[in-house]
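Q: Have a look at this one before I ask anything.
The values are calculated or read from the model by the stated rules, or taken from the named source; none is laboratory data. Nothing here was measured: the structure is a model prediction, and the numbers come from that model. Neighbour counts are summed over all protein chains in view; Cβ atoms, including those assigned to glycine, are modelled from backbone coordinates with ideal geometry. With ligands, DNA and RNA removed, areas are computed over all heavy atoms of the protein, side chains included. Shrake-Rupley method; radii C 1.70, N 1.55, O 1.52, S 1.80 Å.
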Amino acid sequence: MPSNQQILLDNRPQGEASAGNFRLVTSDTPPLQDGQVLVRHHFLSLDPYMRGRMNDGKSYAQPQALGEVMGGGTAGEVVESRSDRYRLGDKVVGMGGWQQYSVVDATKPGAMRKVDTTQVPLSHYLGAVGMPGVTAWYGLVRICEPKAGDTMVVSAATGAVGSAFAALSKARGCHTVGIAGGPDKCRYATQELGFDECIDYKQHADALSLSRALKIACPKGIDGYFENVGGMVLDAVLPRMNTFGRIAVCGMISGYDGAPIPLANPQLILVSRLKVQGFIVGEHKEDWPAALAELAGLVGSGKLRPRESIAEGLAAAPEAFLGLLKGRNFGKQLVKLA
Ligand SMILES: NC(=O)c1ccc[n+]([C@@H]2O[C@H](COP(=O)([O-])OP(=O)(O)OC[C@H]3O[C@@H](n4cnc5c(N)ncnc54)[C@H](OP(=O)(O)O)[C@@H]3O)[C@@H](O)[C@H]2O)c1
C-alpha cells in the first residue's frame, strides 16, 4: 500500500487563520477490507466553509477535530478495489480530505460517486458541476426566484459559486450583475462568464459609493441578490433592492476570520418587504440531480466556462486556502495532487 501525505488540523486559529494551524504528516495507507476501495486523489477542493470548521464555536457544520485529516471534497481515481461496485480506473468524487489517498467504504450510501469525464473534466466536478455550482443553482432558482426581465446580482462573482451564477441567471432571461474584487476579475466576469455588468467593489471606499455604482448597473433596481460576502457589499445592495425582493444568504466570507460585520440599515428589510433566507446546499439533496444536469449541460455546450486556480501539491494547500479567504484565488480553488 502506498504512503500517504496528509494535512491535519494541528490547532485552532486565534483570529485570522494561519499556516501554523496545519501540520503535514506521512502515514501508510491501511490494507483494504472487503467492500473498500483505495482512491488516489487527483484534485482537492478548497472551500470557504473549511474556515468555519476550524473553529470550535456554534455553526451549521461540526467542528473539524484536532489532530485529524482536514475534511474536504476530492476527485480522483480508484487504484485498488475490493468492491464489486468500483473498478480500477473509475473516476470518482467524494469527501477524501486533505490527503493524497483515501480508503472508502463503498457499501456506505453517498460515500462517493462515479463521474463521467468524457464531456466534463474531472476537476469541474468539484466546482461548476459539483457542490459550488449546485449552490448557485439553489440560491438563484429556489430563493431569488428569477423571472424574465428581473435583475439578479451576485457578490464574489468570479468565484466557484459566483461563476456558475451568470449562465444560470441569463438562461432565465435576467439582467445579471456581478460584484468582484479587481479589474481583471470584472473583465473576466463580463467577457467570459456572461455577466451584463460587473462592479469592482475595491474601487469604492464605502457602501454609499458602491451603492451609487449599483444604481447605474441596475437601472430597474434589484429583484434578487445572492449574498456571498456580507459587510460593506450588503450595506450597498440593500438600498437598491426592489419591493418584495429576495436575498439568498449563501455566505458572509468577509466575517469568517471573526471580525464583526454589522448591518448598517436592517430596517430596509421591512421597508422593502424583503425575503431574506439563508441556506445550506447539502440540506437540499432533492434538487441536486436537476441542478447538476443543467450545469453539466451548460459546461458541455460551452455556455459556462469555469476558471480554476490550481495549487500544485498537498504541501501548497494551506497557503492556497489562506489565499482563498483573501480573494487571491481567481475561479474555483483546487490543489492538484496527481
Ligand atoms: N450556503 C452554502 O451551502 C454554501 C456552499 C458553498 C459556498 N458557500 C459560500 O459561498 C461563498 C463563495 O464560496 P466559493 O467557494 O465560491 O468561494 P470563492 O468565491 O471561489 O472564493 C472566495 C471569494 O470571496 C471573495 N472574498 C474573500 N474575502 C473577502 C472579503 N473580505 N470581502 C469580500 N469578498 C471577499 C474573494 O473574491 P473577490 O476577489 O471578488 O472579492 C474570493 O475570491 C462563500 O461565502 C462560501 O462560504 C455557501
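Q: Within region 231-238, can one find any residue that is over 21 Å from the mean Cα position of the chain (by Cα), surrounded by 23 or more Cβ atoms within 10 Å (Cβ to Cβ) and away from the ligand (no atom under 14 Å from the Cβ)?
A: Within region 231-238, one or more residues are over 21 Å from the mean Cα position of the chain (by Cα), surrounded by 23 or more Cβ atoms within 10 Å (Cβ to Cβ) and away from the ligand (no atom under 14 Å from the Cβ).
Q: Are any of the residues in region 250-264 among the hydrophobic types (A, V, I, L, M, F, W, C), buried (at least 23 other Cβ atoms within 10 Å of the Cβ) and farther than 22 Å from Arg328 by Cα?
A: no
Q: Can you say whether Cys218 is in contact (Cβ under 8 Å) with a residue 40 or more places away in the chain, outside the structural domain of Lys58 (by TED's automatic domain parsing), open to solvent by 20 Å² or more (accessible area, probe 1.4 Å) and among the hydrophobic types (A, V, I, L, M, F, W, C), as far as the supplied structure shows?
A: Values: in contact (Cβ under 8 Å) with a residue 40 or more places away in the chain: yes; outside the structural domain of Lys58 (by TED's automatic domain parsing): yes; open to solvent by 20 Å² or more (accessible area, probe 1.4 Å): no; among the hydrophobic types (A, V, I, L, M, F, W, C): yes.
So Cys218 does not fit the description; no.
Q: Now for a separate question. Pairs please, first residue from region 13-28 and touching a residue at least 24 places away in the same chain (Cβ under 8 Å), second anywhere and open to solvent by 90 Å² or more (accessible area, probe 1.4 Å), Cβ atoms under 7 Å, 6+ apart in sequence or on different chains.
A: Pairs that qualify, where the first residue is touching a residue at least 24 places away in the same chain (Cβ under 8 Å) and the partner is open to solvent by 90 Å² or more (accessible area, probe 1.4 Å), are Ala19/Glu319; Asp28/Met1.
Q: So, in region 24-57, exactly how many residues are more than 16 Å from the ligand (Cβ to nearest atom), in contact with a Leu (Cβ under 8 Å, 6 or more places away or on another chain) and open to solvent by less than 50 Å² (accessible area, probe 1.4 Å)?
A: Result for region 24-57: 6.
Q: In the list Leu298, Leu314, Leu270, which residue meets the criterion of being more than 15 Å from the ligand (Cβ to nearest atom), open to solvent by less than 30 Å² (accessible area, probe 1.4 Å), of a type outside the set (Asp, Glu) and more than 28 Å from Gly57 (Cβ to Cβ)?
A: Leu298
Condition check ((1) in a loop (DSSP other than H, G, I, E, B); (2) crowded, with 19+ Cβ neighbours inside 10 Å; (3) modelled with pLDDT under 95) across all residues:
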| residue | (1), (2), (3) |
| --- | --- |
| Ser59 | yes, no, yes |
| Ala65 | yes, no, no |
| Pro132 | no, yes, no |
| Tyr138 | no, yes, no |
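Q: For Glu308, indicate whether it is crowded, with 16+ Cβ neighbours inside 10 Å and within 12 Å of the ligand (Cβ to nearest atom).
A: Considered against the rule, which asks whether it is crowded, with 16+ Cβ neighbours inside 10 Å and within 12 Å of the ligand (Cβ to nearest atom), Glu308 comes out as yes.
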